[in-house]
Structures are given as structure tokens and as C-alpha cells.
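First up is the structure itself, then whatever we jot down about it.
The values are calculated or read from the model by the stated rules, or taken from the named source; none is laboratory data. What you see is a predicted model, and the numbers here were worked out from it, not measured in a lab. Cβ placement follows ideal geometry from the backbone for every residue including glycine, while neighbour counts extend to all protein chains displayed. Protein only, heavy atoms only, side chains kept; ligands, DNA and RNA dropped before computing areas. Shrake-Rupley method; radii C 1.70, N 1.55, O 1.52, S 1.80 Å.
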Amino acid sequence: MSVIKDDQRGPIIQVEGLRNQFGSQIVHEDLDLSVNRGEIIGVVGGSGTGKTVLMRSILGLQEFAAGKISIFGKPITGLAEKEELEVRRRFGVLFQNGALFSTLTVAENVQVPLREFHSMTTELMDEIAGYKLGLAGLGPEAGPKYPSELSGGMRKRAALARALSLDPRLLFLDEPTAGLDPIGAAAFDHLILELRDALGLTVFLITHDLDTLYTICDRVAVLADRRVLAAAPIKELLEIDHPWIQDYFRGPRGRSAMAGDRENRKLAGT
Amino acid sequence: METATIHDERTEEGRRLTLHGRLTVRVIEDISPRLREMEDDPVPLTLDLGGMKRVDTTGAWVLYRLVEHRTEQGFITELTGLTPRIEALMAQVGKANQMTTIRHPIRKRHFHLLARIGAWVEGGIYQFGTFLAFLGLTMLALVRALMHPRRLRWLAILRQAEVVGVSALGIVGLMSFLVGIVIAQQGAVQLRQFGAEVFVINLVGRITFRELGVLMTAIMVAGRSGSAFAAQIGSMKLAEEVDAMRTIGMPPIEVLVIPRLIATTIAMPLLAFYGAIMAIVGGTLISWLQLGIPPAIFILRLQEVVPLTDVLVGLIKAPVFGIIIAVTGCFHGMQVEGSAEAVGEKTTAAVVQSIFLVIVLDAFFAIFFTALGWA
């Protein structure tokens with residue numbers, strides 16, 4: 001079995017010339033993006049610009065019309081079955097609506113990847129499920145509940161716990177803080193940041209939450225006009241003269257998030 | 001390869017473990033039990049993590065567990081070679097550590113069987129009650145819709161009629177055709193013993209128009225459309241589409257149930273008649289090939305032996321069966337709550353119950369029509 005090397009240099013995700021098309025509607029055309037190891041990259045764009053489609057393409061869930069996508073330096077199309085599994089277990093994915101398995105309890109959902117890839121004692125798995133839920137900000141009472149018994153925000157946390165269960169290298173988050181209360185959203189940001197620092201995680205984050213973008217993203221990729229318009233730290237994006245970018249970051253919400261960020265930095269400085 | 005090695009030695013101060021390699025979820029199966037053993041060893045323990053290449057949360061958690069358990073029991077544990085990363089991870093998982101129940105255990109009760117029977121009866125009564133309530137609501141909505149025909153959703157009715165009726169033509173036709181062949185062929189084998197092959201025409205004609213044509217069609221429609229109703233409405237309920245309709249001011253019964261009910265009620269007699277004709281075609285074919293009865297003779301004789309009441313019996317039963325199938329399917333769809341599993345459960349219940357009800361009602365009809373003298 002060819003094990004995919006961990007300590008490769010270069011970008012962890014490389015997208016080149018991607019083209020996605022549904023019928024006559026072209027979503028992506030000649031889209032390039034590269035994600036570096038250990039960075040948190042935020043993906044923003046108006047509704048319908050294909051943020052989720054891009055994520056699904058990278059995950060290999062969406063067949064694309066043209067282009068090349070490599071993860072860990074390997075093209076994702078045409079991998080042997082074993083290699084594909086090997087790559088997949090380095091992913092953690094948080095889908096927009098959680099996508100928890102409805103017939104399993106929350107704790108069992110977290111254990112699914114562990115069961116699938118490892119043979120552990122039940123005791124160890126139960127302990128792992130406990131602390132994973134804790135990491136995602138859920139109390140022990142959430143464990144035996146079914147996803148249908150959880151609120152939207154809790155479902156999101158449970159889904160994050162499942163995404164983290166294999167200690168992935170690469171975490172995909174599709175609008176993780178949407179539907180969370182501001183306190184929960186801030187805690188979520190903090191958690192992602194902590195995990196990144198402790199584990200060297202790479203995070204691919206789709207979000208509309210400007211606070212999240214300012215607080216945790218190293219770079220932000222802007223999807224517009226069917227491609228990645230720019231992928232840079234927010235500071236540099238602010239310099240780009242594009243109407244959508246300007247509206248997005250300099251609009252009322254963008255300004256308040258910016259102000260909040262400055263405040264935070266000031267506080268951190270003192 | 002990704003492995004971790006533990007070097008275990010006894011020194012003057014106590015026990016010294018030197019860990020090398022990776023302490024990640026991949027190798028935890030081997031490492032966890034070995035570290036677990038040391039939880040209860042009272043000898044002072046030194047853990048040297050200087051050689052660790054990578055530690056993930058699972059690894060950090062296993063280390064945390066070891067230290068925690070030993071400290072609880074008052075044993076000395078010392079960690080050396082700890083990088084700030086590992087330390088931060090251990091603190092993080094320590095903070096998150098909690099025991100959780102994986103699944104509520106099923107409570108063992110005394111009189112387990114009795115309790116189950118009780119729950120079954122209670123559920124049955126409850127379901128019967130809600131079914132009656134649903135039937136009442138549907139009838140009310142139907143009357144209201146018929147009084148104000150503009151409130152009927154003609155497009156939806158047509159669309160449903162297409163799905164329930166037109167799309168079913170192929171399968172209902174083929175099935176009835178085959179059933180006709182089987183009846184004629186098997187009937188011929190038996191009747192030949194008495195030299196009465198010609199009565200195959202009576203057999204095929206009467207049984208298909210009166211019973212089998214409509215019954216087989218009803219079973220097929222229940223399987224095709226009753227299940228589809230339950231699954232569609234059930235999925236819509238899960239996705240809160242039904243709630244959305246209510247808030248917009250569209251009564252779900254009027255929007256979802258009435259069109260399906262009307263479409264099925266109209267489609268059933270048409271399909272049943274078509275099914276009976278196809279069965280006759282099958283019977284004619286076999287009589288011709290096996291018994292040498294020419295089709296023209298078969299048809300002529302058919303007119304003589306099949307009374308018009310037989311055709312009427314079939315055509316009266318068919319719309320009633322249609323109502324039952326549509327109402328049962330929609331009712332179970334509306335009962336869906338919670339998870340995708342419920343959709344499956346309710347779809348199954350819809351098909352099983354509608355077929356059962358159709359057959360029970362068919363028995364009643366048989367007695368009823370005989371009493372009427374339509375034998």
C-alpha cells in the first residue's frame with residue numbers, strides 16, 4: 001500500500017483551471033486556488049457563486065468538467081481505492097446542515113469514523129466520543145440524544161465533533177457559524193484557532209461571518225465572476241478595487257467587524 | 001510507517017518510559033492499553049516525550065488520562081520533553097474531558113410482554129383516532145373544495161393523475177395480461193378433465209371484471225402511488241415544507257392531499273377497466289393458441305356470459321379502493337416526524353395497510369353485491 005507522505009512541502013490543496021457546469025449554467029471557469037499547509041483559508045462570495053460546489057469538487061463529491069485538483073500533492077481523480085480512503089481519512093468535513101446520521105445517536109455519530117477505520121476497544125471509543133463532544137462544546141447529556149432531538153446549533157457542534165473524530169489534517173467547514181448565537185460563534189472561532197495551533201490543522205472555511213473572517217482567517221479567497229478573484233489577507237483585499245469586494249468588506253457590517261477586530265487587537269496588545 | 005514505540009525501564013527513582021514516533025489515532029489501539037496498565041503502578045513514573053514526532057488530540061487525551069488517573073491515586077508522574085504544543089493539547093482535551101452515555105439502554109421491565117402488548121394497543125387506538133381525524137379533515141376539505149371549484153388545484157390534479165394513472169399503464173397492463181394468461185391456461189387444464197374447455201371464457205371474463213382486474217390494479221397502485229404519497233409528504237414534513245405551507249396560509253390537506261385523492265379516485269376505475277381488458281386479451285390469446293377458440297368467438301361468447309353487473313361491480317369498487325389508497329398514503333406521510341427512518345417506516349405502513357384495507361373491503365363488497373342479487 002502506498003502511503004501518502006505527510007511531510008510534503010507545497011500547497012495542501014491545489015486547484016488549477018477548474019470548470020464546473022450545470023447544463024448551460026457555468027459556475028466556475030478557469031478557477032485557480034491553492035491552500036497552504038497549516039493555514040485557515042476563508043472562502044467568501046455572493047450567493048450562487050459556487051462556494052459549496054468548489055468544496056464538493058475538492059472533496060471529490062462533484063464531478064467537474066475540466067481542470068485539475070490535487071490534495072496532499074496527489075490528483076484526486078483516478079486514485080486507487082486504497083489511496084482514496086487514505087486521503088479521505090485525513091479529511092474532516094462539516095456539511096452545511098450537519099449531515100448527521102439520523103438513526104444513530106450523537107455519540108455514535110462521532111464514533112462512526114473510528115469504527116470504520118480502527119479497531120479499538122469500546123471503552124476507549126466511548127472515552128474518545130466523550131472528549132470530542134466536549135471539544136466541540138457539547139455537554140455529556142448530548143451523547144445519547146438523536147440528531148432530531150437537537151437544536152440547529154447543537155447539531156452543528158455534533159457534526160464538528162464527528163468531523164474531528166479522526167484528528168484530520170484538513171478540515172472543511174461549510175458555514176460553521178451560521179445559525180449559532182454570537183457567543184457560540186465566537187467560541188467556535190476560538191476552538192478552530194486552538195486546534196489549528198495545536199495540531200497544525202489546515203482549515204478550508206466557507207463563511208459569511210465577517211467576524212470569523214477577521215478573527216481567524218489567515219487568507220480570504222473571494223469567489224466572483226466564476227473564479228477566485230483574489231486570495232489574500234483581508235488587509236490586502238481591502239486595497240483591491242473591485243465593486244463586490246469593496247461592498248463586502250467596506251459595507252456597514254464589514255466596517256463594524258473591522259472595528260471589532262481593531263478593538264480586539266488593542267486589548268490583546270495591552 | 002507510522003508507529004510509536006515505548007521504551008520501558010526501571011531506574012533508581014522508579015519507572016521510566018521513553019516514547020518515540022507518533023502518538024496519533026492510528027496507533028492508539030496498541031498504545032492505549034499499555035499506558036492504561038501503568039495507571040495503577042504505584043512506582044513513580046517518568047514519561048519522556050522528547051522523541052515524539054506528532055501527537056494529536058487522541059494521543060494527548062491518552063496521556064492526559066494516564067496522568068489524571070495516577071494523580072487521583074496519589075502516584076507521582078513526571079513528564080519530560082514536553083513541547084508547548086503537546087502541553088496545550090493536553091490542557092485542551094483535559095478541559096473537554098467528560099464521560100457521556102452513548103445510547104440510553106433499553107430498560108428491562110417486568111411483564112415486558114404485557115407492556116409491549118399495552119403499548120401496541122395504545123398505539124393502535126391512537127392511530128385509529130388520528131386516522132379518523134385525518135379522514136374527517138380530508139372530507140371537510142374535499143366538500144369545501146367541491147363547493148368552490150376554483151379552490152381545486154387543477155394543475156396538481158392533472159399532474160398527479162398522470163403519475164398515478166398514465167405512467168402506470170405499462171406495468172398494470174403487463175401484469176393483467178399475464179394474470180389473464182395464467183387464469184386461462186390453468187382453468188383450461190382443469191376444465192379439460194370434464195370436457196368443458198369452453199367455460200374458460202366464463203372463468204376469465206367474470207373473474208377479471210368482477211374481482212381480479214380491480215384488485216390487482218389496486219395492489220399495484222398501492223405499491224406504486226400509495227408509497228410515493230407517503231414518502232413525498234413525509235419528506236416534505238421533515239424539511240418543514242408542510243409547516244411553511246401552513247404559515248403562508250395554504251392548508252396542507254387542500255394542497256397536498258386533495259389533488260392526490262381526486263387523481264387516484266379518477267385514475268383507479270380507468271386503470272382497473274384497462275387492466276380487465278388486458279387480462280381478457282391474455283385469456284383470448286391463450287384460448288386461441290391452446291384451445292383453438294378463435295378470438296371472434298371468444299368475444300362473442302364473452303358478451304353472452306358476462307352480465308353487465310359484473311362490469312359495474314368492478315367499476316364501483318375501483319374508485320373506493322382509490323380513495324382508500326390515497327387517504328392511507330397521505331395519512332402516513334403526514335404522520336412522519338423526526339428522522340429519515342420514520343419516512344421508511346411510514347411508507348411501509350402505508351402500503352401494507354392500504355393493501356390490507358383494500359382486501360378487507362373487497363370481501364365486504366363481495367357479500368354486499370351478492371345480497372343485492374348481482375351474482
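Run the reach check for A:Lys235 against aspartates and glutamates, Cα to Cα strictly under 13 Å, same-chain hits fewer than 8 apart removed. What comes back?
Of all the aspartates and glutamates, those that pass the test against A:Lys235 - Cα under 13 Å, at least 8 places apart if same chain - are A:Asp218, A:Asp261.
Once the Cα gyration tensor of segment A:191-233 is found, what semi-axes does its equivalent ellipsoid get, as square roots of 5 times the eigenvalues, in whole Å, sorted largest first?
Numbers: eigenvalues 96, 25, 13 Å².
Square roots of five times the eigenvalues give 22, 11, 8 Å.
Ordering A:Asp247, A:Asp218, A:Asp189 from largest to smallest accessible area (1.4 angstrom probe), what's the sequence? The partial results should precede the final answer.
Values: A:Asp247 110, A:Asp218 60, A:Asp189 10 Å².
Sorted by accessible area, descending: A:Asp247, A:Asp218, A:Asp189.
Can you give me the pair-distance distribution of the protein assembly as shown, C-alpha pairs, 10 Å bins, whole percents?
3, 12, 16, 17, 15, 14, 10, 7, 4, 1, 0, 0
Rounded to the nearest 10 Å², what accessible area does B:Met216 have for a 1.4 Å probe in the complete protein model?
Surface accessible to solvent at B:Met216 totals approximately 50 Å².
Return the Cα extents of segment A:37-95 along principal axes one, two and three, sorted largest first, each rounded to a whole Å.
Projected onto its principal axes, the Cα set of segment A:37-95 covers 37, 29, 20 Å.
In whole Hz, what ³J(HN,Hα) sequence does segment B:269-279 give by Karplus (6.51, -1.76, 1.60; θ = phi - 60°), x for Gly and Pro?
Along segment B:269-279, the couplings run x, 5, 5, 5, 5, 4, x, 4, 4, 5, 5 Hz.
For segment B:230-270, I need the span (max minus min coordinate) of the C-alpha atoms along each principal axis, in Å, sorted largest to smallest.
36, 21, 7
Quickly work out the A:Asp181-to-B:Leu114 label distance, labels modelled 7 Å from Cα along the C-beta direction, and quote it in nm with one decimal.
With each label point 7 Å from Cα toward Cβ, the separation is 4.6 nm.
Determine the calculated [θ] at 222 nm for chain A from helices alone, applying -39500 (n - 2.57) to every DSSP H run no shorter than 4 residues and normalising by the residue count; nearest 500 deg cm²/dmol. Walk me through the numbers on the way to the answer.
Values: 10 runs with 110 residues, N = 270.
My calculation for chain A gives -12500 deg cm²/dmol from helical runs alone.
Rounded if a/c is under 1.5, else prolate if a/b beats b/c, else oblate: with a ≥ b ≥ c from the C-alpha gyration tensor eigenvalues square-rooted, which is segment B:47-151? Working shown, then result.
On the way: a/c = 7.40, a/b = 2.53, b/c = 2.92.
Because a/c hits 1.5 or more and a/b fails to exceed b/c, segment B:47-151 counts as oblate.
Mind checking the mean number of beta-carbon atoms from other chains within 10 Å of the Cβ atoms in A:122-128? Display every interim value, and only then the final one.
On the way: counts 1, 3, 9, 1, 4, 9, 8.
For this peptide, the per-residue mean of nearby foreign Cβ atoms is 5.
If you take the square roots of the eigenvalues of the alpha-carbon gyration tensor of segment A:1-134 and sort them as a ≥ b ≥ c, do you get rounded (a/c under 1.5), prolate (a/b over b/c) or oblate?
Numbers: a/c = 2.12, a/b = 1.54, b/c = 1.37.
Taking the square roots of the gyration eigenvalues as a ≥ b ≥ c, segment A:1-134 is prolate.
Round to the nearest 10 and report in Å² the accessible area of A:Phe95, as given by a 1.4 Å probe over the protein chains' heavy atoms.
Approximately 60 Å² for this residue.
To the nearest Å, what is the center-to-center distance of segment A:134-162 and segment B:230-276, using C-alpha atoms only?
35
Return the loop-located GluC sites (Glu not before Pro) in segment A:1-90 (DSSP other than H, G, I, E, B) with at most 12 other Cβ atoms within 10 Å of their own Cβ; answer none if there are none. Kindly include the intermediate steps, with their values, before the conclusion.
Values: sites: A:Glu16, A:Glu29, A:Glu39, A:Glu63, A:Glu81, A:Glu83, A:Glu84, A:Glu86; in loops: A:Glu39, A:Glu63.
Passing sites in segment A:1-90 are A:Glu63.
Not counting ligands, DNA or RNA, and with a 1.4 Å probe, what is B:Lys346's accessible surface area in Å² rounded to the nearest 10?
Roughly 40 Å² of B:Lys346 is accessible to a 1.4 Å probe.
Viscosity 1.306 mPa s, temperature 10 °C: Stokes-Einstein D of chain B from its Kirkwood Cα radius, in µm² per second?
Values: Rh = 26.9 Å.
So the translational diffusion coefficient is about 59 µm²/s.
Using DSSP, restrict attention to beta bridges with both residues in the protein assembly as shown and report what percent are antiparallel, rounded to the nearest 5. Please list the in-between numbers first.
On the way: 26 of 56 bridges.
Approximately 45 percent, going by the DSSP bridge assignments.
Are there any residues in segment B:31-70 with a reduction of at least 40 Å² in accessible surface when going from the isolated chain to the assembly of protein chains? Probe 1.4 Å, please list them by number.
B:Arg36, B:Arg54, B:Thr57, B:Thr58, B:Trp61
Across the residues of A:97-104, average count of Cβ atoms on other protein chains within 10 Å? Kindly include the intermediate steps, with their values, before the conclusion.
Details: counts 0, 0, 0, 1, 2, 7, 4, 3.
For this peptide, the per-residue mean of nearby foreign Cβ atoms is 2.
If Lys and Arg each add +1 and Asp and Glu each add -1, what is the summed charge of the other residues whose beta carbon sits under 13 Å from the beta carbon of B:Thr130? The partial results should precede the final answer.
Details: positive: B:Lys346; negative: B:Glu122, B:Glu337.
That works out to -1.
Ordering A:Ile183, B:Ile207 by accessible area with a probe of 1.4 Å, largest first, what comes out? Please report the intermediate quantities before stating the final value.
Values: A:Ile183 140, B:Ile207 60 Å².
Result of the area sort, largest leading: A:Ile183, B:Ile207.
Using the Cα atoms of segment A:56-122 to build a convex hull, what is its mean projected area in square nanometres? Don't skip to the answer; put the middle values down first.
On the way: hull surface 23.9 nm².
With the hull built on Cα positions only, its mean projection is 6.0 nm².
Ranking request for peptides B:194-206, A:196-208: highest mean number of other beta-carbon atoms within 10 Å first, then the rest in descending order.
Working: B:194-206: 18.6, A:196-208: 21.2.
Output ranking for B:194-206, A:196-208: A:196-208, B:194-206.
Determine the sum of side-chain charges near B:Leu191: Lys and Arg each +1, Asp and Glu each -1, restricted to other residues whose C-beta is under 15 angstrom from that of B:Leu191.
On the way: positive: B:Arg192, B:Arg206, B:Arg301; negative: B:Glu197.
Once positives and negatives cancel, what remains is +2.
Tell me the net charge near B:Leu291. Cut-off is 11 Å between Cβ atoms, B:Leu291 excluded, with +1 for each Lys or Arg and -1 for each Asp or Glu. If you can, show how the numbers build up before the last one.
Details: positive: B:Arg192; negative: B:Glu197.
Once all neighbours under 11 Å are counted, the net charge is 0.
Tell me, how many Å apart are the Cα centres for segment A:197-270 and for segment A:45-101?
23
Expressed as cubic angstrom per residue, what is the convex hull volume of the alpha carbon set of segment A:147-270?
Working: hull volume 16.2 nm³, N = 124.
Per-residue hull volume (Cα only) is 131 Å³.
Restricting everything to alpha-carbon atoms, can you work out Rg to Rh for segment B:4-96 with a Kirkwood hydrodynamic radius?
Working: Rg = 12.1 Å, Rh = 13.1 Å.
That ratio equals 0.93.
What is chain A's relative contact order, in percent, from Cα pairs under 8 angstrom and six or more apart in sequence?
Values: 458 pairs, mean separation 62.9, N = 270.
It rounds to 23 percent for chain A.
Starting from a Cα-only point model with no solvent, please compute log10 I(q)/I(0) by Debye for chain A at q = 0.07, 0.09 1/Å.
Cα-only, vacuum Debye calculation for chain A: -0.26, -0.43.
List the residues, sorted by chain then number, that are 5 or more residues from B:Thr46 or on another chain and whose placed amide H is less than 5 Å from its amide H.
Sorted by chain and number, the residues that satisfy this are B:Arg15, B:Arg16, B:Leu17, B:Glu78.
Largest first, how would B:His110, B:His20 line up by accessible area (1.4 Å probe)? Walk me through the intermediate numbers first.
Details: B:His110 160, B:His20 90 Å².
From most accessible down to least: B:His110, B:His20.
Send over the semi-axes of segment A:106-196's equivalent ellipsoid, whole angstrom and largest first, taken as the square roots of 5 times the C-alpha gyration tensor eigenvalues.
On the way: eigenvalues 91, 48, 24 Å².
So the equivalent ellipsoid measures 21, 15, 11 Å along its semi-axes.
I'd like the per residue volume of the convex hull spanned by the Cα atoms of segment B:168-232, given in cubic angstrom. Could you put the intermediate results ahead of the total?
Numbers: hull volume 4.6 nm³, N = 65.
Looking at segment B:168-232, the number lands at 71 Å³ per residue.
Given R₀ = 25 Å, what would the calculated FRET efficiency be for A:Thr122 paired with B:Glu87, taking r from the Cβ atoms and rounding to 0.05?
Values: r = 30 Å, r/R0 = 1.18.
After rounding, the FRET efficiency stands at 0.25.
How much of the accessible area of the protein assembly as shown, probe 1.4 Å, is carbon plus sulfur, in whole percent? Each step should come with its number before you reach the end.
Values: 18940 of 31490 Å².
Ligands and nucleic acids excluded, carbon and sulfur give 60 percent.
Rolling a 1.4 Å sphere over the protein heavy atoms, what is the accessible area per residue of segment A:1-137, to the nearest Å²? It would help to have the intermediate numbers written out before the result.
Values: 5930 Å² over 137 residues.
Per-residue value: 43 Å².
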